[in-house]
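No lab work stands behind these numbers, since they all come straight from the coordinates. Computed from a predicted model, the values in this text were never measured in an experiment. Cβ placement follows ideal geometry from the backbone for every residue including glycine, while neighbour counts extend to all protein chains displayed.
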Amino acid sequence: MSVASDLIAAYADEGIEISTGLNPWHIRNDNHAAFTWFFRGGKKLTQGVGIALQEIYLLETLFESWRPKNMLVIGNSYGWSTLALALANRDGRTLALDTGADIVSPAGILLTNGIAKKRGLDCFAVAAASPAGVAPTVARELKGPVEFVFVDGDHSREAVARDLDAIRAVATPDCVYLCHDVLNFALRPPVADFAAKHGLA
């Protein structure tokens, strides 16, 4: 099975229906059309959306020949990207931090951990705020520095800059940083500044 079909099946086992992968050009160029929505009994479960189907394919391709040992996710929500990463790289450990402040976050943490356990994934989500919670949580939960990070938490420029700086302190020198929603939320400046500051491509 592919990562996408495994992921959809895992949520279906929890009674959650998935709507994903629509090209925004076909829906009045709605910039949210390509993302993933979660439903139970026809009712939307979250205010936020998950990564798009095409982004899952990107992760699957990325981890085809590269297997980082420790992966970090900033922003878990309903666990879609966290579990996609864990399925794409079963050899690594995936840790997700979520503030737990969103009304669905506690349920999302439980859902993520429940699915990971059922599927035998070395993956878990914890309630911890970034950037303050990054260093202590990584030290406690991971067996070494972060080699890959997916940043999809607070979508303000200030928050992204703080998150990247906090992660850098617990990451390998060649850590790969994947920042989500950079174009949608005009986040290029903090990402470019971070790359320039640390000599990253």
- Message: When a/c reaches 1.5 or more, the comparison of a/b and b/c decides; with that in mind, is the range 142-181 rounded, prolate or oblate per its Cα gyration tensor?
- Response: prolate
- Query: Going toward the positive end of the dipole of the range 1-127, with +1 on Lys and Arg Cβ and -1 on Asp and Glu Cβ, which of Thr99, Leu72, Phe35 do you reach last?
  - Reply: Thr99
- Taking +1 at the Cβ of each Lys and Arg and -1 at the Cβ of each Asp and Glu, which of Gly133, Ser156, Leu58 sits farthest along the dipole of the chain towards its positive end, judged by Cα position relative to the Cα centre? Gly133
- With charges only on Cβ, +1 for K and R and -1 for D and E, what is the dipole size of the chain about its Cα centre, in debye, rounded to 20? 240 debye
- When the helix-only estimate is applied to the chain (DSSP H runs of n ≥ 4, each -39,500 (n - 2.57), divided by the residue count), what is the mean residue ellipticity at 222 nm, nearest 500 deg cm²/dmol? -11000 deg cm²/dmol
- Summing Lys, Arg as +1 and Asp, Glu as -1, what charge do residues with Cβ under 14 Å from the Cβ of Asn89 carry, Asn89 excluded? -1
- Does anything in the range 157-201 have its amide N under 12 Å from the 7 Å Cα→Cβ label point of Trp66, and if so which residues? 174-178, 201
- What is the distance, in nm, between label points placed 7 Å from the Cα along the Cα-to-Cβ direction at Ile27 and at Leu110? 2.9 nm
- Task: Please tell me which of these pairs span more than 30 angstrom C-alpha to C-alpha: Lys43/Lys117; Lys44/Lys69; Lys69/Lys117?
- Result: Lys44/Lys69
- Message: If I model a spin label as a point 7 Å beyond the Cα along the Cα-Cβ vector, how far apart are those points for Ala169 and Lys197 in nm?
- Response: 1.2 nm
- Query: Got the relative contact order for the chain handy, in percent, Cα pairs under 8 Å and 6 or more residues apart?
  - Reply: 16 percent
- Message: If I model a spin label at Tyr57 and Ser2 as a point 7 Å from the Cα along the Cα→Cβ vector, what separation in nanometres do I get?
- Response: 0.6 nm
- Message: Could you work out how much longer the chain between Ala129 and Glu141 gets when fully extended? Use 0.36 nm per residue separation minus the Cα distance between them, nm to one decimal.
- Response: 2.8 nm
